[in-house]
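Derivation of every value follows stated rules applied to the coordinates shown; laboratory data play no part. Keep in mind it's a predicted model, so treat the numbers as computed, not measured. Every residue, glycine as well, gets a Cβ built from its backbone with ideal geometry; the counts of neighbours run over all protein chains shown.
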Amino acid sequence: MALFDASKGAGLELILYHTSQCHLCELAEALCLKLIQNDETISIRTVDIVSDHELMARYGWLIPVVAHGDSELNWPFDDARLREWVAQLPTRTASTSQEAP
């Protein structure tokens with residue numbers, strides 16, 4: 001899996017937990033790529049769980065998983081569900097609910 005460019009100054013970094021040779025992870029990566037292409041304020045960092053025993057224990061049967069802070073979106077999800085989940089993240093709802101002075 002590719003590491004998405006997190007250096008573009010995005011306001012929201014998501015983590016995609018995955019393993020190599022995982023077809024579902026490839027589908028999730030494609031959805032995430034589509035998401036960041038349409039919203040430059042989002043970046044995605046991929047984390048291969050195989051090299052970390054704690055991550056394997058936590059996500060081994062759940063991957064792919066997209067995470068931000070304590071919020072996680074487990075597979076299965078589609079484009080609409082991913083966008084819905086991102087929209088409800090605290091950093092998103094806080095920035096969209098503030099009124100101008």
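Worth a mention:
- Qualifying residue in the range 54-67 (condition: within 11 Å of the chain's Cα centre (by Cα) and charged (D, E, K, R)): no
- Residues satisfying the stated conditions in the range 28-60, i.e. in contact (Cβ under 8 Å) with a residue 12 or more places away in the chain and among the aliphatic types (A, V, I, L, M): A28, L31, L33, L35, I36, I42, I44, V47, I49, V50, L55
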